[in-house]
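The values are calculated or read from the model by the stated rules, or taken from the named source; none is laboratory data. Not measured: the values here are computed from a predicted model. Every residue, glycine as well, gets a Cβ built from its backbone with ideal geometry; the counts of neighbours run over all protein chains shown. Surface areas here come from the heavy atoms of the whole protein model, side chains and all, with no ligands, DNA or RNA. Shrake-Rupley method; radii C 1.70, N 1.55, O 1.52, S 1.80 Å.
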Amino acid sequence: MKSRLMFFVSVLTLSVSSFAHDEGHGPKLTDSGKYGGLVSGMVMKAEASKGAKATLVHKAELVRSSDGAVRIYVYDLSMKPLDTKRFASKGSAVLIAKVKGKSKESVFALEQKDGAFVGKMPKPEAKPFNIDVTLKDGDKEVLSAFDNLD
């Protein structure tokens, strides 16, 4: 009986920790993407450690193609597209995958093109994986996290 109880407690503990990055950075959103992608909150990078309590400053949509192309569209809080000219012309993204129990990061560049930030994502070494996007908005950096992608 004790061993069964210990087994269930262990499984419950491990299942809770597997969702550690699920909330991303900033409040959870229910918006639909305008281009069929995933929408996530965009917060000041300095507030990223606050998790769901970080102040939402923009929203971002991640659209991926089968060839690894990535497009990031940025919106205001009411999902109206923001002019990309307000951002630096280049941004960065990090693909984060757990490989053999260790987190492995692959950085890739994003560039403004046709109202979005476009880049080529590296092939993920494991699934699910996360993509964290960092853009420079004026003199501040903003961050958006897209989690549990496959």
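Determine whether residue 133 is in contact (Cβ under 8 Å) with a residue 12 or more places away in the chain, under 20 Å from residue 30 (Cβ atoms), open to solvent by less than 50 Å² (accessible area, probe 1.4 Å) and within 16 Å of the chain's Cα centre (by Cα). Here the answer is yes, as residue 133 does meet what is asked.
Consider segment 62-79 and keep the residues that are within 15 Å of residue 29 (Cβ to Cβ) and out of contact with any Asp or Glu (no Cβ under 9 Å at 6 or more places or on another chain). The one that is surrounded by the fewest Cβ atoms within 10 Å (Cβ to Cβ) is 78. Segment 12-119 holds strands (runs of 3 or more DSSP E) entirely within its bounds, and those carrying 3 or more residues that are over 18 Å from residue 146 (Cβ atoms) and either modelled with pLDDT under 95 or more than 15 Å from the chain's Cα centre (by Cα) (or both) map to 102-113.
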